[in-house]
Protein chains: 2
Amino acid sequence: MRLIAACLTVLILLAHPSWAEEGMFPISDIGGLNLKGKGLSLTAEEIFNPDQTCLADGICKVNGCTGSFVSPKGLIITNHHCAYRAIQSLSTTSNDYLKDGFQAQSLENEIPAAGYTVRITESFEDISEQVLSAITSEMTFTERTKAIEQRQKELEQAAEQRNPGQRAEVAEMFAGKTYVLFLYTFIKDVRLVFAPPASVGNYGGEIDNWEWPRHTGDFSFLRAYVAPDGATVDYCEENGPYQPKRFIQVEPKGVDENDFVMLIGYPGRTSRHKTASFLEYEQNVRLPYIVQLYQWQIEQMQQSGKEDRSVMLKHSSRMKSLANVEKRSRGQLKGLVRKKIVATRKAAEAELQSFIQADPQRNDQYGRLLSEIDAVYGEMARNQYKLDIENIPSASRLMYFAFTLYDSAVERQKEDLQREAPYMDRNIDLTQRRLLLAVKDFHAPTDQIILKEMLTRVGMAGPKIEEISDDLPGIDTIASLYDKTSLGDPEFVESCFGKTPQELEAIQDPALDAIIKLYPVYMQLREEAKSREGKLDQLYGDLVTVKQAFQKQNFVPDANATLRLTYGSVKGYSPEDAVYKSPITTLGGAVAKATDSAPFILPESIIKKHTQQKFGRFSHPTLNDVPTCILYNTDTTGGNSGSPIINGSGKLVGVNFDRAFEATINDFAWNESYSRSIGVDIRYALWITGEVFGAQHLLREMGVE
Amino acid sequence: MRLIAACLTVLILLAHPSWAEEGMFPISDIGGLNLKGKGLSLTAEEIFNPDQTCLADGICKVNGCTGSFVSPKGLIITNHHCAYRAIQSLSTTSNDYLKDGFQAQSLENEIPAAGYTVRITESFEDISEQVLSAITSEMTFTERTKAIEQRQKELEQAAEQRNPGQRAEVAEMFAGKTYVLFLYTFIKDVRLVFAPPASVGNYGGEIDNWEWPRHTGDFSFLRAYVAPDGATVDYCEENGPYQPKRFIQVEPKGVDENDFVMLIGYPGRTSRHKTASFLEYEQNVRLPYIVQLYQWQIEQMQQSGKEDRSVMLKHSSRMKSLANVEKRSRGQLKGLVRKKIVATRKAAEAELQSFIQADPQRNDQYGRLLSEIDAVYGEMARNQYKLDIENIPSASRLMYFAFTLYDSAVERQKEDLQREAPYMDRNIDLTQRRLLLAVKDFHAPTDQIILKEMLTRVGMAGPKIEEISDDLPGIDTIASLYDKTSLGDPEFVESCFGKTPQELEAIQDPALDAIIKLYPVYMQLREEAKSREGKLDQLYGDLVTVKQAFQKQNFVPDANATLRLTYGSVKGYSPEDAVYKSPITTLGGAVAKATDSAPFILPESIIKKHTQQKFGRFSHPTLNDVPTCILYNTDTTGGNSGSPIINGSGKLVGVNFDRAFEATINDFAWNESYSRSIGVDIRYALWITGEVFGAQHLLREMGVE
């Protein structure tokens, strides 16, 4: 019967026009979309209006994710995986919130989520001219990058002085071409309110990650806090809940197949406007490198955590994030090959090149544009051995601690505006706080294996690294390096924060000394990156100009972690010949998957309530079961994690958390036939929160009785 | 549009009654199935009739597979993977039939497929009483097994004397209870006629193996040859094509969704009547062991074949068969867990136990039956370290050569009827021919790694193997053992065939010597196995009796490589929540999967013909594309490979070659919701053979113009 229902809805769906279109539209550009004709009853101004309260005021950026205010008291719903770092760092073997979940019975019991911040977009301003006036044609590419960076910082500083208490950030919309300054309310006291156990919030784990069908309850609740006077200050006991200008009303009736949905959020980064040569570099060099390195690292962490839950907890957050990128990269590799993305883009570029060459003046100006861009990626491919060197101070946490400390000390001797962004006065607190969190999770035996492997790989580059080989730590000295360093001790690391480079050198910590010796190598890599960026910025600026002339249309800028809207409908798809996937999964499906072993262990209470059909008011009217996850054809990427899924009346019907495997290549190319995003159905989130874990007070706070 | 079509047919299908039922029915037992009412226009007698020509005369056993005669001149269609061993052993790096395919333009060019035999079921007879009269209640379990084995051999010998030229074989239908003697025409000259390249016949390789959707052209053509006088003799140039009593007419129009289909073939082995404790042993001990060991072995072979196509060719057939079992075992493990098979069977046994205990007399007779069976598997689980010892002479090919030679020499000193079956006069030729084929594919460096690993594993059993540890080859002597042995030389191995044990001992070949030293250990394992078999035979005989009394119904016997029929219809399925798989794939789907790397390289000629829509007469009327594979809900297992898929008029519409991943647990439990088998659509086979590779003469021979 369910099959009949699914098929009938498919037939009905196919009679509908398809609403989705490519585009993570800047929130300021949605006026022309005519969403009214597509199922939305709100006007563009009701969604975003810098001068009045609007829907977008209810949406916030939570670190690299998105969240929604769902009550007048600053309650935020986002993903479990977005709160994961907080849940993990608050967990101990005796108080294991990852394993058991967390629930605060009242405000006093909500726990600070160290390192978490919340921002709300307040206004924006196109400042392209002011930014681009910083550069001259005489500059080298490195100088060009530095000039643009510095001008951006100046403009941010000036804006913050004009708007005390707000945070300013310049975003590059089109590389080398368009810049927009955003002003944010910036909240620094964020607390954990409710998290289901990982067996719900991460049900299916890495096996189901990036896959549809899905049965993951990937949601959690946080709360934003401010000082009694409303000021956005660091954690302080006297702080109280933040009152958002607007919150998103939760719709406990959820949504159904074919219904209009839109997502508002902060998608991180896409590469839709990049060349075929960039995609080839990704396909042949970077993605295979990432897959191989991350798989290996995850294996090491898994090995060392096998026997000891406390070691597993230390590694869990990092393993999760590496595994996420690893599998996404695999999906992208597969998609690039299967969907022949490079060939398609090459064909488009050949047409563009013909257009350019058809006009002598255009040919003079742009004739060599594509080949110059190609040359940059060609050089990167030839220098791929540098990837190992670049990755040392992230693969090895110890090297990351040492590098961040020393780099910070060097940069902090410069004028504020001259520094690398993480070390500027406005950012240094957060940089240090995150460093300390990482030190807390340091596990020397694993890290030692990883550093040894990285150095071995670097060594394999042979003659190419001859000039730096004396600067690398000797592989035979690593054991003693780990024996003698103090950088695994958070107190010691904290004591280094104010020190000058000379003072750090005087400590003679072997890990610091190793990085100090390598520091010139990294400074050269940084310069090379800035030079490359300067060159590509200029070339891509020209590319967008000539492409717009050719295609006679304006483009939607690539995602850049600024506020965007995307829309579509709840819709299944056919990922391959003879397979159709329908867009709503059920609790019954989750139960059918349950086994005795992770990641498919479902709490006994859920299985029991399912058997007893205790669905509360959250049963789907025709499926007669609680819907768990939904699938829709909007255009999303990383950073959309936690984005509200909003129905045609502006109400919240789910929380976005992933994409289908085929849609991992969304980052390179969107296509209605395979681009599908995945969200947790609000009915499942409410059922878990209220019916299963008894947090009825949160449902009441959201206005769900 | 295709989606609409698929969905409409689903809706139509759901209005149909479902025809499939569990059961690989013995061909003699199909009278009661009422297939006429289910879409078949033939009577049971037209399908099988020992006294007259019938459909079953057109079906044969090809080694462990099934085949169909498709012309009056002995042309056989079976799977590519069934002919794989022949194609591989005929391939060289310069004449690579695996890579390029093979096509004989005329009879003279058909090549002998060494080691291949064909048998056709002629008649059968229930001989249970004669077999069971060989045992007495005083016998030990080992004696019981030996008595039954010997009685079977006597009956086979007698039958062959009564029916000169035919082959007799006794099959156990219900363990310890029912035995049937089959008479076969036994053809020993089989030749390769046509094979597509592996890029078609094994398209998708191990990735797609056991998966639906599928786009594999897994078919090939062989031909049976006999002497001019019709006698079934070994290969000889004068031999000519065998004239089957009947051949199966090919239906170039194929079949469509929901159509009735039946399969006739030789399914190998199922375990539907075994206990939960057997399933637990499989789930906890044997299957995980197989998965781990085979994965490791495959990895070694892959490593050593990486750089050298000739080494890869040597290993390819064995890798393919290990990979097949490894993935099937993984599927079974997953299915056992997900479908909670053990718990279901335990519940059924608890009910049976209550039934037994409800009657005092029944309780006296059967009360301890289940616990006694459980005890046998419990002991096997406790002795799982023996698996490593048992597997030495199959994992290591050298040990397999040595063991077979020495075991043969020892057994050949006994009376023919006392020998282990492979060494009886009627089987020794084939045993030796297969041994020589294996020697031809010997690759010492890989084998050495494998033997070393096996010995290391055996060594890990520690104190448990103390009493045999002196008999094991020392790990440090292995290199010299491989240096000095002559068993990698086919001529040397052949020269050993007639030798006595003493003569083999006198050779002082280190590999032979190693096995000679271990031989008593293997003889003890053989005795233990016979004892266990005797005990289980007796217990399972009783179990079937009491279960039949409880359930008041007769059972279909487990598969045992005798001729069976299964029926159902072409039908999709929903393997999990929110996923529906439709039952016909297309050439377009195959092309969409094609990449530049194996196993998804499709010959350029196929891609081109697809682009040009050169489908000949083989296009599906509504899909407008050549159908590649079909899915149906019949009950099959290994051995059904190559079985004809027969439509309601008795015509051949496809060739069965696999099951869906969920259906790997068919061997333990059949279920209409997930048991699906996979066949190549005859239209794809004909299109590939005639349109792509131009073998129109074969199409003509099959009556397809």
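The values are calculated or read from the model by the stated rules, or taken from the named source; none is laboratory data. Fair warning: this is a prediction, and the values are worked out from it, not measured in the lab. Virtual Cβ from ideal backbone geometry, glycine too; neighbours counted across all protein chains shown.
Residues checked against (1) touching a residue at least 12 places away in the same chain (Cβ under 8 Å); (2) surrounded by 19 or more Cβ atoms within 10 Å (Cβ to Cβ):
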{"site": "A:37", "(1), (2)": "no, no"}
{"site": "A:42", "(1), (2)": "yes, no"}
{"site": "A:45", "(1), (2)": "no, no"}
{"site": "A:48", "(1), (2)": "yes, yes"}
{"site": "A:53", "(1), (2)": "yes, no"}
{"site": "A:56", "(1), (2)": "yes, yes"}
{"site": "A:66", "(1), (2)": "yes, yes"}
{"site": "A:76", "(1), (2)": "yes, yes"}
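Pick from segment A:93-123 the residues that are modelled with pLDDT under 95 and part of a strand (DSSP E or B): which of them is farthest from residue A:694 (Cα to Cα)?
Of everything passing the filter in segment A:93-123, A:123 is farthest from residue A:694 (Cα to Cα).
State all residues of segment B:332-344 that are at pLDDT below 95, crowded, with 18+ Cβ neighbours inside 10 Å and of a type outside the set (A, V, I, L, M, F, W, C); if no residue qualifies, say none.
B:335, B:339
Could you pull out the residue among B:410, B:439 that is modelled with pLDDT of 95 or more, crowded, with 17+ Cβ neighbours inside 10 Å and in contact with a Gly (Cβ under 8 Å, 6 or more places away or on another chain)?
Details: B:410 fails: in contact with a Gly (Cβ under 8 Å, 6 or more places away or on another chain).
Being modelled with pLDDT of 95 or more, crowded, with 17+ Cβ neighbours inside 10 Å and in contact with a Gly (Cβ under 8 Å, 6 or more places away or on another chain) holds for just one of B:410, B:439, which is B:439.
Could you please find all residues in segment B:513-543 being surrounded by 15 or more Cβ atoms within 10 Å (Cβ to Cβ), within 18 Å of residue B:405 (Cβ to Cβ) and free of Cβ contacts under 8 Å to residues at least 24 places away in the same chain?
Of everything in segment B:513-543, just one residue is surrounded by 15 or more Cβ atoms within 10 Å (Cβ to Cβ), within 18 Å of residue B:405 (Cβ to Cβ) and free of Cβ contacts under 8 Å to residues at least 24 places away in the same chain, namely B:513.
Quick one: count up the residues across segment B:476-491 that are surrounded by 15 or more Cβ atoms within 10 Å (Cβ to Cβ) and not polar (S, T, N, Q). Show your work before the answer.
In the first step, residues of segment B:476-491 are kept if they are surrounded by 15 or more Cβ atoms within 10 Å (Cβ to Cβ); the result is B:478, B:481-482, B:485-488, B:490.
From what is left, the residues that are not polar (S, T, N, Q) are B:478, B:481-482, B:487-488, B:490.
Looking only at that region, the number is 6.
Applying the selection to segment B:345-367, what residues are surrounded by fewer than 19 Cβ atoms within 10 Å (Cβ to Cβ) and under 29 Å from the mean Cα position of the chain (by Cα)?
Selection gives B:346 alone.
Only one of (1) among the aliphatic types (A, V, I, L, M); (2) part of a helix (DSSP H, G or I); (3) modelled with pLDDT of 90 or more fails for residue A:6. Which number is that?
Only one criterion is unmet by residue A:6, namely (3).
Do you know which residues across segment A:59-90 are of a type in the set (Val, Ile, Thr) and in a loop (DSSP other than H, G, I, E, B)? Spell out how you get there, then give the answer.
Within segment A:59-90, the first condition is being of a type in the set (Val, Ile, Thr), and the residues that meet it are A:59, A:62, A:66, A:70, A:76-78, A:87.
Passing the criteria: only A:70.
Hey, does segment B:85-105 have a residue that's out of contact with any Phe, Trp or Tyr (no Cβ under 6 Å at 6 or more places or on another chain) and under 20 Å from residue B:678 (Cβ atoms)?
No, segment B:85-105 has no match at all.
Among all residue pairs at least 6 apart or on different chains, which show Cβ distances below 9 Å where the first residue, located in segment B:304-320, is buried (at least 19 other Cβ atoms within 10 Å of the Cβ) and the second is aromatic (Phe, Trp, Tyr)?
B:314/B:442; B:316/B:84; B:317/B:84; B:320/B:84
Taking residue B:274 and the conditions (1) of a type in the set (Lys, Arg); (2) touching a Ser or Thr at 6+ places or on another chain (Cβ under 8 Å); (3) crowded, with 19+ Cβ neighbours inside 10 Å; (4) part of a loop (DSSP other than H, G, I, E, B), which numbered condition does it fall short on, given that it satisfies the others?
All conditions pass for residue B:274, except number (2).
Scan B:90, B:35, B:13 and give me the residue that is of a type outside the set (Lys, Arg), closer than 15 Å to residue B:220 by Cα and modelled with pLDDT under 95. Break it down into steps so the answer makes sense when it comes.
Details: B:35 fails: closer than 15 Å to residue B:220 by Cα; B:13 fails: closer than 15 Å to residue B:220 by Cα.
Residue meeting the stated conditions: B:90.
What are the residues in segment B:318-338 that are within 14 Å of chain A (Cβ to nearest Cβ) and either under 15 Å from residue B:659 (Cβ atoms) or not basic (Lys, Arg) (or both), if any?
In the first step, residues of segment B:318-338 are kept if they are within 14 Å of chain A (Cβ to nearest Cβ); the result is B:330, B:333-338.
Hits for segment B:318-338 are B:330, B:333, B:334, B:335, B:336, B:337.
For residue A:698, all conditions in the list (1) of a type in the set (A, V, I, L, M); (2) buried (at least 24 other Cβ atoms within 10 Å of the Cβ); (3) under 27 Å from residue A:563 (Cβ atoms); (4) out of contact with any Pro (no Cβ under 7 Å at 6 or more places or on another chain) hold save one; what is the number of the exception?
In the conditions (1) of a type in the set (A, V, I, L, M); (2) buried (at least 24 other Cβ atoms within 10 Å of the Cβ); (3) under 27 Å from residue A:563 (Cβ atoms); (4) out of contact with any Pro (no Cβ under 7 Å at 6 or more places or on another chain), residue A:698 misses (2) alone.
Which of the residues spanning segment A:373-392 are within 24 Å of the chain's Cα centre (by Cα) and surrounded by 21 or more Cβ atoms within 10 Å (Cβ to Cβ)? Please lay out each step first, then the result.
Keep residues of segment A:373-392 that are within 24 Å of the chain's Cα centre (by Cα), which gives A:387-388, A:390-392.
The answer is A:388, A:392.
Take the conditions among the β-branched types (Val, Ile, Thr), at pLDDT 95 or above and outside any helix (DSSP H, G or I) and apply them to residue B:630. Does it pass? Step through it out loud before you land on a result.
Values: among the β-branched types (Val, Ile, Thr): yes; at pLDDT 95 or above: yes; outside any helix (DSSP H, G or I): yes.
Against the criterion (among the β-branched types (Val, Ile, Thr), at pLDDT 95 or above and outside any helix (DSSP H, G or I)), residue B:630 qualifies.
Since residue B:137 meets every condition but one in (1) closer than 30 Å to residue B:536 by Cα; (2) at pLDDT 95 or above, which condition does it not meet?
(2)
When you go through (1) free of Cβ contacts under 8 Å to residues at least 12 places away in the same chain; (2) within 30 Å of residue A:701 (Cα to Cα) one by one for residue A:192, which number turns out not to apply?
(1)
Filter segment B:594-610 for residues that are hydrophobic (A, V, I, L, M, F, W, C) and in contact (Cβ under 8 Å) with a residue 40 or more places away in the chain; which is nearest to the other protein chains (Cβ to nearest Cβ)? Spell out how you get there, then give the answer.
Start the filter on segment B:594-610 by keeping residues that are hydrophobic (A, V, I, L, M, F, W, C), which leaves B:594, B:598, B:600-602, B:606-607.
From what's left, in contact (Cβ under 8 Å) with a residue 40 or more places away in the chain: B:598, B:600-602, B:606.
Working: B:598: 13, B:600: 9, B:601: 12, B:602: 13, B:606: 15 Å.
If we take residues in segment B:594-610 being hydrophobic (A, V, I, L, M, F, W, C) and in contact (Cβ under 8 Å) with a residue 40 or more places away in the chain, then B:600 is nearest to the other protein chains (Cβ to nearest Cβ).
Pick from A:616, A:639, A:654: which is in a loop (DSSP other than H, G, I, E, B) and either surrounded by 22 or more Cβ atoms within 10 Å (Cβ to Cβ) or under 21 Å from the mean Cα position of the chain (by Cα) (or both)? Steps first, answer last, please.
On the way: A:616 fails: either surrounded by 22 or more Cβ atoms within 10 Å (Cβ to Cβ) or under 21 Å from the mean Cα position of the chain (by Cα) (or both); A:654 fails: in a loop (DSSP other than H, G, I, E, B).
One residue alone meets the criteria, A:639.
Is it the case that residue A:142 is surrounded by fewer than 21 Cβ atoms within 10 Å (Cβ to Cβ) and either on the phi > 0 side of the Ramachandran plot or in a helix (DSSP H, G or I) (or both)? Walk me through it before giving the result.
Values: surrounded by fewer than 21 Cβ atoms within 10 Å (Cβ to Cβ): yes; either on the phi > 0 side of the Ramachandran plot or in a helix (DSSP H, G or I) (or both): yes.
Yes: the conditions hold for residue A:142.
Could you please give the count of residues in segment A:554-593 that are at negative phi, within 9 Å of chain B (Cβ to nearest Cβ) and in a loop (DSSP other than H, G, I, E, B)?
Residues that pass the stated criteria total 4.
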